[in-house]
Structures are given as structure tokens and as C-alpha cells.
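Step one of this worksheet: look at the structure below.
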Amino acid sequence: MKIIVAIKQVPERDAPISLTPDGKLDETGVAWAINEPDAYALEEAFQLKEKVGAGEVIALCAGPARVLSTLRDALAKGADRAIHIEADDLAQRDTLSLAHLLADAIRPESPDLILTGLQSDDLGLGQTGVVLAELLNIPHATIIMQVEKTANGLRVKRELEDGWFQHIDIPLPALLTIQSGGNKLRYATLMGIKKAKSKPTATVAAAPSTTPPAIELSRLFLPEKQKQTQMLTGTPAAIAAQLVEKLKTEVRVL
């Protein structure tokens, strides 16, 4: 089974973020890592390959040269090879344009299965996987917690609301978006890091975007820190009355 996992490089969750004067992300000194939901998609691919007993896992990532570090991490964890879509303009592309980039790189590979994370930690749109499936004209399912190989394709477990789950059968080739938390993520071993150096990484140039983006990110804003201290004065009874009133009308917890 040939499995392609589309991953994204995002700022680390605890990385200090600063903005440029025009409201864009200042990448100076930012630490980058694999998008966490994509890490679970990668782990699902490893486990599925191990269950089947044969196959190939290919890590696919679009972005500038810095994304090679994330691809090397995927190779160190167990991916057989990697594909880098060299693109320096991802910030100017919308979901459809990005999905076209991924689809163009995936078609020559003719994979049996494509996995993505449910959404990205930076934008959180949750659209790339399903748009990619539509461009490739293959069936897809979202919010997947578990994948099992069957004689006719796959049987997957989807997470629904209120603790409900749905089990469906899906033919191959297919695309699945993986929910975080379904598996325990593995770490790259020293041997895996050494082997990653000899694993192939193909680089393909991104085709220029021919249409203006439907959605444009014009400016970012950092959350404002708001702290306010009020000193209540008077007798203990008066302070208690004031506190109760504020909890009712301002905090609204009573």
C-alpha cells in the first residue's frame, strides 16, 4: 500500500510570536515544527503500513526551504521518502490554490491512500483535505480516529458529536483527514535519524498561481492582555454585597 501524508510546517505552539509593522508574522527567530494533527496522520500511516506488513509512506510538504527540516523529521520517524513542493508564496495562496499544488504532486505517484491532519494549528480552516480529495476525484472521510484495512478497501471510525462514533467502509484510493489523539505519537530514534540522511527527498517547483485568492489574510493581531484590579472598600458586609453584585452583573457567574 502506497500512502502519501500531506504535512504542514507551522510555528511551534510555545514559540514567541511577533508581528511586523504591517501586521504580518515576523519569522525572525521563530521555531518551526510539524503541524500536530498532521503528526497524527503520519503516525496513522506508519501503523497502517505495519498492520498490512508492506507498503510505502511518503511525506509531502509545500513551503520554502525551511520545511526540509520537518520532512527530515518525518523521514527519521519512519517515512520511506519525501517530496518537497518548493513554494515561497504560501501566505498569498488560499486553500484551493494550495490543494492544486498538492494534487499536482500527488497525481504522478498514484497512491492508494492520502492522509492529512484534520486542520492546521496556525489557520485552523480544516478545508485542505476535502478540497484535495475533490480535485483528485476520490472518496474521502473526515475526523478519522481509527483505520483498518479490509479486503475491499478500508473501514474507518469517525468521531461525531456528543461521544458518538460512526463506522464506514470506503474504497481505495481514498483520502482521510485524521483527528488528533487517536494514537500515541512516536519519536525519532537515533537510528532513524541516521537512516533519514540516506532516504530520498524529491523537490518539485510549485506552479504559479493563476487566479487571485478567494480569501486573503490582510493582517494579524496579537491578543491584548487585559488586567484590571478593583479595590472594594467599606465594612465587611458592604464589601460582600459589592462582590456579590459584581459576580452577578459583570462576571455573571451567579
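The values are calculated or read from the model by the stated rules, or taken from the named source; none is laboratory data. Note that the structure is predicted; figures quoted are calculated from it, not measured. In this analysis, Cβ positions are derived from the backbone assuming ideal geometry, glycine residues included, and neighbour counts consider all displayed protein chains.
Quick rundown of the values:
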read-out	value
Residue list for the range 195-227, restricted to those being of a type in the set (Val, Ile, Thr) and either in a loop (DSSP other than H, G, I, E, B) or more than 26 Å from Ser97 (Cα to Cα) (or both)	Thr210, Thr211, Ile215
Restricting the range 158-194 to residues that are assigned to a strand (DSSP E or B) and within 19 Å of the chain's Cα centre (by Cα), the residue that is surrounded by the most Cβ atoms within 10 Å (Cβ to Cβ)	Ile178
Unique match (being buried (at least 22 other Cβ atoms within 10 Å of the Cβ), at pLDDT below 95, in contact with a Pro (Cβ under 8 Å, 6 or more places away or on another chain) and within 29 Å of Ala188 (Cα to Cα)) among Gly129, Gly117	Gly117
Unmet requirement for Asp94, which otherwise passes all of (1) within 16 Å of the chain's Cα centre (by Cα); (2) crowded, with 18+ Cβ neighbours inside 10 Å; (3) within 29 Å of His167 (Cα to Cα)	(3)
Residue match in the range 131-149 (condition: out of contact with any strand residue (DSSP E or B) (no Cβ under 7 Å at 6 or more places or on another chain) and assigned to a strand (DSSP E or B))	yes
From Ala41, Ala62, residue being buried (at least 20 other Cβ atoms within 10 Å of the Cβ), within 23 Å of Leu220 (Cβ to Cβ) and under 13 Å from the mean Cα position of the chain (by Cα)	Ala62
